[in-house]
Amino acid sequence: NAGVTQTPKFQVLKTGQSMTLQCAQDMNHEYMSWYRQDPGMGLRLIHYSVGAGITDQGEVPNGYNVSRSTTEDFPLRLLSAAPSQTSVYFCASNEQGNTGELFFGEGSRLTVL
Amino acid sequence: TQLLEQSPQFLSIQEGENLTVYCNSSSVFSSLQWYRQEPGEGPVLLVTVVTGGEVKKLKRLTFQFGDARKDSSLHITAAQPGDTGLYLCAGARAAGNKLTFGGGTRVLVKP
């Protein structure tokens with residue numbers, strides 16, 4: 001039972017570098033989303049997708065891009081990393097619309113120096 | 001200011017004691033979820049409440065949704081070290097709306 005798989009688990013970047021956080025789910029869920037988690041801030045929505053080919057912005061989208069070419073995959077791209085993007089990133093999927101149970105990956109801890 | 005305010009931010013208790021975590025807002029929610037997150041893992045859903053005044057029990061955990069659907073509480077009876085974790089509430093303001101998370105309450109149950 002893989003569920004939601006995120007890679008990498010840890011990454012250190014220098015300011016200005018780019019990278020992609022990968023997310024894959026094997027539950028055939030239509031809805032996928034990316035959150036960042038910072039101390040005392042809970043989870044904040046970055047981008048989300050309601051199906052292949054459809055994406056939209058969440059609360060904190062600046063500095064991040066996403067695409068959804070297949071149902072299974074939802075990568076998150078940082079085009080020019082900044083220290084403010086140091087955080088733990090979680091990918092989630094769900095089947096019952098935006099308010100159904102979220103199934104989360106194990107997280108990707110990103111440090112930007 | 002967050003839409004959902006959780007209190008307290010941190011709670012440290014001895015095994016066997018009871019605890020209550022609160023999730024408050026000035027907004028009305030159509031549904032509210034509670035998640036628990038352990039270190040190095042993603043949050044896992046504990047319960048969803050949808051009706052004002054609803055009470056749900058999950059073994060030693062009791063969840064309540066306020067009558068006005070603006071607040072919720074999580075009560076743990078006779079806490080155990082296995083209850084240690086970060087508890088997050090998340091609400092949806094309308095059908096189809098996105099979930100908004102509270103800031104979380106970190107619970108430590110000492111043996």
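Just one of the numbered conditions (1) open to solvent by 20 Å² or more (accessible area, probe 1.4 Å); (2) hydrophobic (A, V, I, L, M, F, W, C); (3) outside any strand (DSSP E or B); (4) modelled with pLDDT of 95 or more is not true of B:Leu11: (3). Of the residues making up segment B:100-109, not a single one is farther than 27 Å from A:Lys9 by Cβ and out of contact with any helix residue (DSSP H, G or I) (no Cβ under 7 Å at 6 or more places or on another chain). If you go through segment A:1-26 and keep only what is open to solvent by less than 60 Å² (accessible area, probe 1.4 Å) and under 11 Å from A:Phe103 (Cβ atoms), you end up with A:Gly3, A:Val4, A:Gln25.
Filtering segment B:76-91 to residues that are open to solvent by less than 10 Å² (accessible area, probe 1.4 Å) and over 14 Å from the mean Cα position of the chain (by Cα) leaves only B:Ala79. Of A:Leu110, A:Leu78, all but one fail to be open to solvent by less than 40 Å² (accessible area, probe 1.4 Å), touching a helix residue (DSSP H, G or I) at 6+ places or on another chain (Cβ under 7 Å), within 25 Å of B:Phe10 (Cα to Cα) and modelled with pLDDT of 95 or more; the exception is A:Leu110.
Scanning segment A:27-45 for residues that are open to solvent by less than 30 Å² (accessible area, probe 1.4 Å), in contact (Cβ under 8 Å) with a residue 24 or more places away in the chain and in a loop (DSSP other than H, G, I, E, B) yields a total of 2. Checked against (1) surrounded by fewer than 19 Cβ atoms within 10 Å (Cβ to Cβ); (2) within 23 Å of B:Gly85 (Cβ to Cβ), A:Asn94 passes all but condition (1).
When you look at B:Leu74, is it within 13 Å of another protein chain (Cβ to nearest Cβ) and in contact (Cβ under 8 Å) with a residue 40 or more places away in the chain, yes or no? So B:Leu74 fails the test. Can you find a residue in segment A:46-60 that is touching a residue at least 60 places away in the same chain (Cβ under 8 Å), surrounded by 13 or more Cβ atoms within 10 Å (Cβ to Cβ) and within 28 Å of B:Trp34 (Cβ to Cβ)? Checked segment A:46-60: no residue is touching a residue at least 60 places away in the same chain (Cβ under 8 Å), surrounded by 13 or more Cβ atoms within 10 Å (Cβ to Cβ) and within 28 Å of B:Trp34 (Cβ to Cβ). Can you find a residue that is surrounded by 22 or more Cβ atoms within 10 Å (Cβ to Cβ), out of contact with any helix residue (DSSP H, G or I) (no Cβ under 9 Å at 6 or more places or on another chain) and modelled with pLDDT of 95 or more anywhere in segment B:63-70? Yes, because at least one residue in segment B:63-70 is surrounded by 22 or more Cβ atoms within 10 Å (Cβ to Cβ), out of contact with any helix residue (DSSP H, G or I) (no Cβ under 9 Å at 6 or more places or on another chain) and modelled with pLDDT of 95 or more.
Of the residues examined, A:Arg36 is not one that is in contact with a Leu (Cβ under 9 Å, 6 or more places away or on another chain) and away from chain B (no Cβ under 14 Å).
Just checking, does segment A:67-89 include any residue being touching a residue at least 60 places away in the same chain (Cβ under 8 Å), in a strand (DSSP E or B) and within 12 Å of chain B (Cβ to nearest Cβ)? Don't jump to the end; show me each part of the working.
We begin by selecting, within segment A:67-89, every residue touching a residue at least 60 places away in the same chain (Cβ under 8 Å); these are A:78-83, A:89.
Keeping just the survivors that are in a strand (DSSP E or B) gives A:78, A:89.
Right, trim to within 12 Å of chain B (Cβ to nearest Cβ) and you get A:89.
There is at least one residue in segment A:67-89 that is touching a residue at least 60 places away in the same chain (Cβ under 8 Å), in a strand (DSSP E or B) and within 12 Å of chain B (Cβ to nearest Cβ).
The values are calculated or read from the model by the stated rules, or taken from the named source; none is laboratory data. Note that the structure is a prediction, hence the values are computed from the model and not measured. So basically every Cβ, Gly included, is an ideal-geometry build from the backbone, and we count neighbours across all protein chains shown. For accessibility, only protein heavy atoms count, side chains too; no ligands or nucleic acids. Shrake-Rupley method; radii C 1.70, N 1.55, O 1.52, S 1.80 Å.
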